[in-house]
Amino acid sequence: MMAQDWAAHQKDVTAFPLAKPVLSQVHGYHAAARSATVFLSEQKIAFAAGSLVVSMEIGSRRQDVMSAHSDAVTCVASSPATALGASGQVRRKGAKTAEVVLWG
């Protein structure tokens, strides 16, 4: 890009108000997590991706993201009988217990 083109591009970009980015898709997972991927049903899975838990419909690949954790998710579990899931994260230094989040 030429210098004059870059200056015009910068002018165009700054004309728009800055908006908070919206997460639309997660690619990858947290390989160190125990049970890195679990089945929520025959058509839906959940997996850890950093501090996120992602549930994904297998056929459409539509994702819902839960961002309630403040650190890396280390385990994901689900109970089809109760339609509840649980995820736990890394224990903070000095903490006696790690945080667990229940979701459904």
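Laboratory data are not the source of any read-out in this text; all were calculated from the coordinates shown. Since we're looking at a predicted model, the values are computed, not measured. Note that each Cβ is placed from the backbone with ideal geometry, even for glycine, and that neighbours are counted across all protein chains shown.
For region 92-101, just list the computed ³J(HN,Hα) in residue order, Karplus coefficients 6.51, -1.76 and 1.60, θ = phi - 60°, integers in Hz, with x standing in for Gly and Pro.
My calculation for region 92-101 gives 5, 4, x, 7, 7, 9, 9, 7, 10, 10 Hz in order.
Place a point 7 Å from the Cα of Gln25 along the Cα-to-Cβ direction; which residues of region 37-52 have their backbone N under 12 Å from it?
Backbone N within reach: none found.
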